[in-house]
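Where a number appears in this text, it was derived from the coordinates with a stated rule and is not lab data. As the structure is a prediction and not an experimental result, all values here were calculated from the model. Cβ sites come from the backbone with ideal geometry, for glycine too, and all protein chains shown count toward neighbours.
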Amino acid sequence: MNGRPPLAVLSVLTSAPRAGDAAQRHLAHTVTGWLARRLRLLATATADGDRVREPEERRSGPWVQRALHTARIGAWEWDLRGATLTCDDQAQTLLGFEPGSFDGQVNTWLSAIHPEDMPWVQAVSNAEALRGRDEYSVEYRVRQPDGTYRWVQARGTVAARTDGVPAQVVGTLWDITETRRSRDAFSRALRYMGDGFLVVDEGGRIMFGNVEAERFLGASGELRGQVLWELPRARAIGVEPRFRRAAEARAPIDFHARWPRSNRWYHIRLVPVPDGMTVHITDVTDRRALDAERSAAAHAATERATRIAELTSAFAEALTTQDVVKAVADRVLPPFGATGLICQLIEDKRLRVVGSTGYSDAFVSFLDNVPLPPEAPLHTPVVQILGSRTPLFISSPEDYAKRFPEVVGYLPLSEKKAWAFLPLVASDHRAGYCVVSFDRPRHFSDEERTLLTAISGLVAQALERARLYDAEHTRAQELQRGLLPRTLPALPAVTAAARYLPAGEGMEVGGDWYDLIPLSGERVALVIGDVMGHGLSEAATMGRLRTAVHTLADLELPPDELLTHLNDLVGALGDDFYATCLYAIYDPTTSVCAFACAGHPPPAIIHPDGTVHSPGFSPDPPLGAATPPFETIEVQLPEDSILVLCTDGLIESATRDIDHGMAYLSRILADALARTPDLLPRPSATGDGGSAVDDGDGRVLGQLDRLCDTLVATLLPEQSRTQDDAALLVARTHSMTADSIASWRLPDAPIAAGEARHHVRDQLGAWQLDELAMTTELLVSELVGNVVRHAKGPIRLRLLRSRSLICEVSDGSPTTPRIRRASDTDEGGRGLQLVSALSHRWGTRFTPTGKCIWAEQPLPAS
């Protein structure tokens, strides 16, 4: 066609001979031309080897698909070259199709769209409309299997070939029925308002127009979808250049236009809003004869209408009661020239102030937590409006004193001169009241009274929703705080600080947790984990896992065995539960940290010389998906090393994977140490290699708190984009000095008990703990005697001097001694009862060569 070589041949076969029909030939010619253009476009893309830019959505992983399914968001891909539409199951359901039944044809998709929305959808969805655009967005109604219609919003990214021709659109599909209902309720009010009102997108296409706007523009059909300045009347008054100036300056533009046929004047106001412009059209023929004051009043009325639209939008986005109060203060007070606002809600038969502005703290405190009528002793405006559920407008202090002489003494406290008392009634339920006040006396016109009354209804509904959200959010936060450690224990082996970072706005509680658990022999367990997902169920699962870790830690299990038991617990919860966990045990006597990891980021280690590194290893799969055994990693930590443990929500985002996140964390730690040198320990003055920090645990804890704050402040922007909660645990390690550890090898013979007592007397004398010698000798005799009688060698005795005196007896037998109640005729069985009575606490732990029985005694008060 047009001098180009033919691409294909289109043959039309009929069931009977037909004479040449000009209309039929014209139709065949049109169809042939359209097919030729489509085939040539496809052939050009294939021959040139063009590659469509792959949108970000195509690179999403399975976890994104699960998140989209949970949020009821569908995904779709539209191939403009082949005119095919690919939808996932969620998108098919939103479009009204059974999953798997959609054939991928664009016409099938169009058949489900409401006929009234079809022109708009087709206008923004053709290739010419998409040329030069990066984004695609449209809202329309789709038919459901039961015959009803629901609103959906399609948003996507347009990918073009190298020659700029749109070739593909990839995006998401949302159910916005509830949002549209809220908007449609307001749109119906705008539809029949006396002034003309239009909502226009950035390209000038009309998205909404009320009845008065249709009359002004002389529209014979639906305005929606038409370009504003292509309408004759709009073109005649020069709307387009003013529209572009307002859009460029992001400021409103006002002008007057006279329509020659009717000889009437109209005031037209263009107000830029996000993604477009609002057009207000007011007939001002009669007003032009009025003075400037009436003109200013008309302008103020238009401003108030805009404020109402903004207020409705702000209420739709408000979550908490404070958000609602702020929206009222920002959107309602300025148009009326008001200077004060108080909102009080009914709670437990009392009125509680939930928000205020323009009043002193003393006056607000005076009003807060007052009883409801009829318990209130005085006749006040609040009593009247709550009883009658009708607004009350007081224009001056004199009017107030005349109506309520009993409480006229409160006027100087408020410092206001006029008031609008508005009852808040939601679903026929008294929620409370709000007061809009003024610094000067004011006469309320009928229009203002009507508008304030309507606003009070919107405020009541918004506050009722916000109260439900506040209650649910408070319960969720209380649950989260109850499941996490309130404080970390103060231990000799480590000094630790932690942070929990909740997810982004609108998210529920999460499953991240951390813990610090003291073990025997002054060892300490450091735990951090993350239950995948958000919500009360995940938080409850986190609480179960944290309790299980405490129980298993009390059994003195090594890290790999503990994770094995924890993996069984998570697996028993079901196929939908997964969790990551890192469990580490630090031994201050050897300065060795042994840890096992199930799908969790490895720890970052800061050495005393300022170097930062992360142990390189391949982590096992998450709990619930792993197959034991787990790998145990041992790291030798110099005195005053710092361990940094965190969950993936702190370092991982949509633009950074876990490996890059760990590298980024190491860089941040190195920069923090360079900027704040006192985070590292000072060299010991004696040079004996002991702890370099001698200012007490308070100074060390302060250093770790500052390090936590630095990490949070730096990584929090990335965390807010990931919409995931995060946990952070930072711990500085302290080794036990050599003079606090004493160890001896004992013979595997009855004389072992005597030698043990001798070693104890000598060592406690050297430690100046002679008053513990007798008790310790009894403990050692019983423990060593049990080994000689019931176990096997080699036997080793070790004493540790720390917060308490720890006595440990090790042997080569894995048999665990158990305390029992001995009868009167039993010759044995009372040894462990004696150990229990003489020691503060005692227990048994397994070692690589057998077991260790230990007992602790408190040190003397001196």
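When the Kirkwood hydrodynamic radius is evaluated over all pairs of different C-alpha atoms of the range 487-733, what value in angstrom, to one decimal, is obtained? About 18.3 Å, per the Kirkwood formula over Cα pairs. Computing FRET efficiency as 1/(1 + (r/R0)^6) for residue 663 and residue 108, where r is the C-beta to C-beta distance and R0 is 51 Å, gives about 0.60.
The modelled label-to-label distance for the pair residue 634/residue 618, using points 7 Å beyond Cα in the direction of Cβ, is 2.3 nm. Dividing the convex hull volume of the alpha carbon atoms of the range 180-289 by its residue count gives 106 Å³ per residue.
Distant-in-sequence amide contacts of residue 432, defined by a placed amide H-H separation under 5 Å and a gap of 5 or more residues or a different chain, comprise 346, 424. To the nearest 0.05, how large is the calculated FRET efficiency for residue 299 and residue 211 if R₀ is 22 Å and r is the Cβ-Cβ distance? Rounded to the nearest 0.05, the efficiency is 0.45.
Counting Cα-Cα pairs of the range 320-476 in 5 Å increments starting at 0 gives whole-percent bin shares of 2, 9, 18, 24, 23, 15, 6, 2, 1, 0. Taking every Cα-Cα distance in the range 621-663 and sorting them into 5 Å bins starting at zero, the pair-distance distribution P(r) comes out as 5, 14, 15, 17, 25, 16, 7, 1 percent.
Each label point was placed 7 Å from the Cα along the Cα-to-Cβ direction; for residue 275 and residue 768 their separation is 7.7 nm. The residues packed around residue 573, meaning those with a beta-carbon under 13 Å from its beta-carbon, carry a net charge of -3 if Lys and Arg are +1 and Asp and Glu are -1.
Taking a straight Cα-Cα cut-off under 25 Å and skipping sequence neighbours fewer than 8 places away in the same chain, the lysines within cross-link reach of residue 402 are 416, 417. Could you tally the net charge around residue 224, taking each other residue with its Cβ under 10 Å from the Cβ of residue 224, Lys/Arg +1 and Asp/Glu -1? Residues near residue 224 contribute -2 overall.
Label 7 Å along Cα→Cβ of residue 286; the range 195-213 residues with amide nitrogen under 11 Å? Answer for the range 195-213: none. Between residue 398 and residue 242, full extension at 0.36 nm per residue minus the direct alpha carbon distance yields a gain of 51.3 nm. Taken one residue at a time, the phi angles of the range 706-712 give Karplus couplings (6.51, -1.76, 1.60, θ = phi - 60°) of 5, 5, 4, 4, 5, 5, 5 Hz. Gly and Pro are set to x. Computed with the Debye formula from one identical point scatterer per Cα of the range 738-858, without solvent, the log10 of I(q)/I(0) at q = 0.19, 0.20 Å⁻¹ comes to -1.02, -1.13. Contact order, relative form, for the range 56-175: 28 percent (alpha carbon pairs under 8 Å, 6 or more residues apart, mean separation divided by residue count). Please report how far the C-alpha centroid of the range 430-491 lies from that of the range 555-589, rounded to the nearest whole angstrom. For the range 430-491 versus the range 555-589, the Cα centre distance is 43 Å. Positive contributions from Lys and Arg (+1) and negative ones from Asp and Glu (-1), summed over other residues with Cβ under 15 Å from the Cβ of residue 240, come out at +2.
Coupling constants for the range 849-857 follow from the phi torsions by the Karplus curve (6.51 cos²θ - 1.76 cosθ + 1.60, θ = phi - 60°), and in residue order they are 10, x, 9, 9, 9, 10, 8, 10, 10 Hz; glycine and proline get x.
Taking only the C-alpha atoms of the range 56-175, the Rg (one decimal) and the largest Cα-Cα distance, Dmax (whole number), read 13.9, 45 Å. Note on residue 740/residue 611: beta-carbon distance plugged into 1/(1 + (r/R0)^6) with R0 of 35 Å gives a FRET efficiency of 0.80. Each residue of the range 394-399 was assigned a 3J(HN,Hα) from its phi angle through the Karplus expression (A = 6.51, B = -1.76, C = 1.60, θ = phi - 60°), giving 10, 8, 7, x, 5, 4 Hz with x at Gly and Pro. If the chain linking residue 364 and residue 177 were pulled fully straight, counting 0.36 nm for each residue of separation and taking away their Cα-Cα distance, it would gain 63.3 nm. Taken over the range 97-155, the percentage of Cα pairs per 10 Å bin, counting from 0 up to the bin with the maximum distance, is 19, 52, 25, 4. The modelled label-to-label distance for the pair residue 447/residue 319, using points 7 Å beyond Cα in the direction of Cβ, is 3.8 nm. Here residue 349 is the anchor, and the aspartates and glutamates within straight C-alpha reach of less than 14 Å, apart from those fewer than 8 places off in the same chain, are 368, 375.
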